[in-house]
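Peer 1: I have a structure I would like to understand better, so I am pasting it below and will then ask my questions one at a time.
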Amino acid sequence: MIAPAPATTPASGARALRVRARAEIAANVIAAYYGLDAAIAVNPVLPSLGDGFTAALSHAAPAVGARGALTEQQFRAHLASGRIARSELAASIRRRSTVAHGDDAALVESFLAAAPREPGHERSAEHALSAVDERLARWCRAALAPEAAAWPVPVERLGFYRAWREVSRRDPSLSRHQRRRVADLPDSPDAALADVLERLGVVDDDQLDRLRTELAQLPGFAAYVRWRAMTSGDVGVVDLLAVRLGLVWALGEPLAAPRDVPKVDVDRVLIWQEAFEAAPHRQVLDSLSTAGSATLDAAAHLVFCIDPRSEGMRRHLERTGPYATTGFAGFFGIAALVEPLAALEPSASCPVLLTPRHLIAERPAPGAWPAAGRFVGRGAVGRALRSALKSPDALAGAPLGWAEASGWVLGPSAVARSVLAGRTLAPSRPDDPRTGVSTLFDIDSALTPEAQVDTAEVIMRTMGMVDGFAPIVVFVGHGTSTTNNAFRTALDCGACGGHRGAPNARIAAALLNAPVVRTGLAERGISIPPDTLFLAGEHDTATDVVTIADLERVPEDRRAEVERLLADTRRAGDELARERAVELPGAGSGSSRAVARRSRDWAQVYPEWGLARNAALIIGPRSLSAGADLHRRVFLHSYEPDHDPQGVALETILTAPLVVAHWINAQYFYSSVDPEVFGAGTKTVHNLVGGAGVLSGPSGDLRLGLPWQSVGTRSGLHHEPVRLLVVVDAPRERIERIVRQADVVNDLVHGQWVILVRPGESAGEWERCTAAGWQPWMMEPGSGAEQKEAA
């Protein structure tokens, strides 16, 4: 971490400390952005979580010049199309107003007639960058992603601010007067920031608002700097503001004007929003009311990640054969740094809310060293070749000549990749379970026998797996196979820190097959039958192929069972791929093979939809949702209330998977309601900034959120920006205690970021947890035509 230089006098030191404190507060308006190396979904206005959803509408989103909900015109279009039923809008008006009288038609007409003129839609399509923005963005690219910079800058030696000062005082693109102003700035960033604010006439009382306004000009880089400050600590918000205001002073530019802030009628937006959410939330609850029962005496039990994409695979697999499925966060309780065989370094393969406790490395299995050596060698050659091909880009004038020299070599390759798009696929990622090399994870070096038993017990009890074991239990992680996709890690498993889920599944399975662990578990009351076999698998969400790992270690007398399971996963995957193809642009009613091919097409910008259209989280036994078609819109987390009388497992679920599901839901929500500020724009013009993120075009701010191809098409939004409906099948008192004691759950539920409901006293009845207590929750049905349109 770069320590701030001491100020020269006590008075100036105190002034610098005050400015530093204000800068940190000013930055607390936008969430940290995790970059693309391990893309993590985050609510972009996370710092305002405690203030609630309504405050985000009125303050947090406008603070960065963004909308916090769809526009009046968009809501009206949904009303006109029938997506919002007039009865739903009328019901929402009645819930939100104490003076609403009359029939539905009169209420709706009165509400529509009272619409204010909406300034939000008049905002310019793009935020014009000033000369200060342009220079600051260029410096951020060079300093924060040096691997993508054309020229090296001495940031590692001097730090973000001091390196800028050293480079700028010799920058020939600045005038002599401007260079002198830069050279006169203090050496430490906080002192420089305090000094410039004083020179610009910004008095103490105005500094906080001024710093917020300046940070809002480039919210993408500000968010990325926040993440770097939280992790590597090599740069902070003070550094960023010191450079920004140093540029303002040196260039003689005016201070930034506040972003074009849309004015919001919060009450009106909430009426629209609740009416918009009525149909999808009602469809989920109605599906649960008519759900069937879970499979008994299953031939195999498959534990999938709670990811909505797993819902489709679970549904089709349960229809295919005698299989039981449950849902659990896809890291399967393995909070560790995982180092795949050919990886350059380990990575945290667990939710960002957790701190990895162990380093678990993948090793060649006995006798597999030669094959492992060849696999590692191929990876090293590939990296060296890519590095050699890119290195001329860093030399002035070289890229054009290099293109001329290498085109005859790379040209045929490009033609082949275009003509044979999607026909070739050789697993090259070190965490891909299909590498063909026999390996194992070195658990014994990472965990003591007692720690292994402790970890296994936590896994079993949190999953509710304490008895009734199936002959085969498979932990099914998920990952994606796409190419030429900067947002690939956003399609991998978020519970695994934006990585593939196979390594975690393999570690969990190996742990539970270990004799010493089973003996330890039996002493703690969890007796796993000797013939129960734990396996690891991975669902490729782009191809809907399920791979079972480590098949070579399956006992000979169990091979037939596993082969039958694999055959059924193939049938289920084919059905799911055909189901997904209907929604993929240009896929029509394509076959599962065609769906798989497009995922490997380097020109395909829609390899899959990811978690678009997510709308709910269900926490309860499978019997609550078995047989229901939830259209891949629901996170499914299994929970057996009878196995958790103290509510320990439920508290874990509500304080971790619920939070992660909300972050994902919020990322899709905000990327949809304001794709210009909270989204990443279209993929077709993206330029990578190392692993930090993307730009739209050659310059500008780092783009936050999801690309347009994750939420919409040319026809409009594919994702529906609705808040998460959370269904918890547990006793009232247990839920109330957790909501009351866990601040983050309290903020989510009482801040109306999520709608938490539980089954009522009678079948088909629901009640909602609110700050005023439990209240009956009824979703007004639309007319028949409107319901059909909404579905």
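The values are calculated or read from the model by the stated rules, or taken from the named source; none is laboratory data. Owing to the predicted nature of the structure, the values given are computational and were not obtained by experimental measurement. Cβ atoms come from the backbone with ideal geometry, glycine included; neighbour counts cover every protein chain shown. Quick note on the areas: whole protein, heavy atoms, side chains included, nothing else; ligands and nucleic acids left out. Shrake-Rupley method; radii C 1.70, N 1.55, O 1.52, S 1.80 Å.
Peer 1: Would you tally the residues in segment 718-754 being hydrophobic (A, V, I, L, M, F, W, C) and under 16 Å from I664 (Cβ atoms)?
Peer 2: Matching residues across segment 718-754 total 8.
Peer 1: So, one more: Identify the residue in segment 97-122 that is open to solvent by 90 Å² or more (accessible area, probe 1.4 Å) and of a type outside the set (A, V, I, L, M) and, among all such residues, is modelled with the highest pLDDT.
Peer 2: For segment 97-122, the residue satisfying everything is E109.
Peer 1: Check whether at least one residue in segment 662-680 is among the polar types (S, T, N, Q) and touching a Lys or Arg at 6+ places or on another chain (Cβ under 8 Å), and report yes or no. Quick ask: steps written out before the conclusion?
Peer 2: First, pick out the residues of segment 662-680 that are among the polar types (S, T, N, Q): 665, 667, 671-672.
Narrowing the set further to residues that are touching a Lys or Arg at 6+ places or on another chain (Cβ under 8 Å) leaves 665.
Looking for residues that are among the polar types (S, T, N, Q) and touching a Lys or Arg at 6+ places or on another chain (Cβ under 8 Å), one finds at least one in segment 662-680, hence yes.
Peer 1: Here is a follow-up. At pLDDT 95 or above, more than 29 Å from W609 (Cα to Cα) and buried (at least 17 other Cβ atoms within 10 Å of the Cβ): which single residue out of V303, V243, V269 fits that description?
Peer 2: Step by step, each of V303, V243, V269 is checked, and only V243 is at pLDDT 95 or above, more than 29 Å from W609 (Cα to Cα) and buried (at least 17 other Cβ atoms within 10 Å of the Cβ).
Peer 1: If you check every pair at least six apart or on different chains, which have Cβ atoms under 9 Å apart with a residue in segment 173-186 that is more than 16 Å from V132 (Cα to Cα) first and a residue that is at pLDDT 95 or above and open to solvent by 70 Å² or more (accessible area, probe 1.4 Å) second?
Peer 2: Hits for this filter: zero, empty list.
Peer 1: Is there any pair with a first residue in segment 672-695 that is open to solvent by less than 10 Å² (accessible area, probe 1.4 Å) and a second that is polar (S, T, N, Q) and part of a helix (DSSP H, G or I) whose Cβ atoms are under 7 Å apart and which are 6 or more apart or on different chains, and what are they?
Peer 2: Pairs that qualify, where the first residue is open to solvent by less than 10 Å² (accessible area, probe 1.4 Å) and the partner is polar (S, T, N, Q) and part of a helix (DSSP H, G or I), are F678/S671; G679/S671.
Peer 1: Quick one: would you say A361 is modelled with pLDDT of 85 or more and either in contact with a Ser or Thr (Cβ under 6 Å, 6 or more places away or on another chain) or open to solvent by 60 Å² or more (accessible area, probe 1.4 Å) (or both)?
Peer 2: no
Peer 1: Confirm whether L584 is within 18 Å of F469 (Cα to Cα) and crowded, with 18+ Cβ neighbours inside 10 Å.
Peer 2: no
Peer 1: If you don't mind, another one. Say we look at segment 684-733 and pick out the residues that are within 24 Å of A142 (Cβ to Cβ) and of a type in the set (A, V, I, L, M); which of these is farthest from the chain's Cα centre (by Cα)?
Peer 2: Ranking the candidates gives V685 first.
Peer 1: If you check V381, V352, which single one turns out to be over 30 Å from I528 (Cβ atoms), open to solvent by 20 Å² or more (accessible area, probe 1.4 Å) and in a loop (DSSP other than H, G, I, E, B)?
Peer 2: V352
Peer 1: Right, another one. Conditions first: (1) in a helix (DSSP H, G or I); (2) at pLDDT below 95. A587 passes all but one, so which condition is the exception?
Peer 2: Unmet for A587, out of (1) in a helix (DSSP H, G or I); (2) at pLDDT below 95: (1).
Peer 1: Right, another one. I'm checking my understanding of the structure. Among residues of segment 35-49 that are surrounded by fewer than 20 Cβ atoms within 10 Å (Cβ to Cβ) and part of a loop (DSSP other than H, G, I, E, B), which one is modelled with the lowest pLDDT?
Peer 2: It comes out as A38.
Peer 1: Farther than 21 Å from A66 by Cβ, part of a helix (DSSP H, G or I) and not polar (S, T, N, Q): which single residue out of L247, L270 fits that description?
Peer 2: Only one candidate qualifies: L247.
Peer 1: Which of the residues spanning segment 362-373 are out of contact with any strand residue (DSSP E or B) (no Cβ under 7 Å at 6 or more places or on another chain), in contact (Cβ under 8 Å) with a residue 24 or more places away in the chain and in a helix (DSSP H, G or I)?
Peer 2: A371
Peer 1: Just give me the residues in segment 613-635 being open to solvent by less than 10 Å² (accessible area, probe 1.4 Å) and closer than 28 Å to D743 by Cα, in sequence order.
Peer 2: N614, A615, A616, L617, I618, I619, G620, V634, F635
Peer 1: Continuing with the same structure: Would you pick out the residues in segment 531-562 that are open to solvent by 10 Å² or more (accessible area, probe 1.4 Å), more than 20 Å from G436 (Cα to Cα) and assigned to a loop (DSSP other than H, G, I, E, B)?
Peer 2: Correct list: D531 only.
Peer 1: Give me a count of the residues in segment 738-758 that are of a type in the set (D, E, K, R) and open to solvent by 50 Å² or more (accessible area, probe 1.4 Å).
Peer 2: 2
Peer 1: Let me ask another. Look at segment 480-502 and say how many of its residues are in contact with a Ser or Thr (Cβ under 6 Å, 6 or more places away or on another chain) and not in a loop (DSSP other than H, G, I, E, B).
Peer 2: 4
Peer 1: Return a yes/no flag: does segment 326-339 have any residue that is among the hydroxyl-bearing types (S, T, Y), without any contact (Cβ under 8 Å) to a residue 24 or more places away in the chain and open to solvent by 20 Å² or more (accessible area, probe 1.4 Å).
Peer 2: No: segment 326-339 contains no residue that is among the hydroxyl-bearing types (S, T, Y), without any contact (Cβ under 8 Å) to a residue 24 or more places away in the chain and open to solvent by 20 Å² or more (accessible area, probe 1.4 Å).
Peer 1: In addition: Within the bounds of segment 123-139, is there any residue that is in a helix (DSSP H, G or I), modelled with pLDDT under 90 and in contact with a helix residue (DSSP H, G or I) (Cβ under 8 Å, 6 or more places away or on another chain)?
Peer 2: No - not one qualifying residue is present in segment 123-139.
Peer 1: Give segment 462-486 a look and list any residue that's over 27 Å from the mean Cα position of the chain (by Cα) and open to solvent by 40 Å² or more (accessible area, probe 1.4 Å), or say none.
Peer 2: D467, G468, P471
Peer 1: Please work out if R259 is open to solvent by 40 Å² or more (accessible area, probe 1.4 Å), closer than 17 Å to V29 by Cα and of a type in the set (K, R).
Peer 2: no
Peer 1: Moving on. Residue by residue through segment 185-212, note down the ones that are of a type outside the set (D, E, K, R), surrounded by fewer than 18 Cβ atoms within 10 Å (Cβ to Cβ) and within 34 Å of the chain's Cα centre (by Cα).
Peer 2: L208
Peer 1: Condition check: modelled with pLDDT of 85 or more, surrounded by fewer than 11 Cβ atoms within 10 Å (Cβ to Cβ) and on the phi < 0 side of the Ramachandran plot. Does T439 satisfy that? I'd like the intermediate steps shown before the answer.
Peer 2: Working: modelled with pLDDT of 85 or more: yes; surrounded by fewer than 11 Cβ atoms within 10 Å (Cβ to Cβ): no; on the phi < 0 side of the Ramachandran plot: yes.
No; evaluated as a whole, the condition is false for this residue.
Peer 1: Scanning segment 487-530 for residues that are charged (D, E, K, R) and open to solvent by 20 Å² or more (accessible area, probe 1.4 Å), which turns out farthest from I306 (Cα to Cα)?
Peer 2: Kept after step one, since they are charged (D, E, K, R), are these residues of segment 487-530: 488, 492, 500, 506, 518, 523-524.
Filter once more, so that each one left must be open to solvent by 20 Å² or more (accessible area, probe 1.4 Å): 488, 506, 518, 523-524.
On the way: R488: 19, R506: 17, R518: 26, E523: 30, R524: 27 Å.
That would be E523.
Peer 1: Quick one: what pairs do we get from segment 16-34, first residue in a loop (DSSP other than H, G, I, E, B), second of a type in the set (V, I, T) and open to solvent by 50 Å² or more (accessible area, probe 1.4 Å), C-beta under 8 Å, 6+ apart or different chains?
Peer 2: Y34/V352
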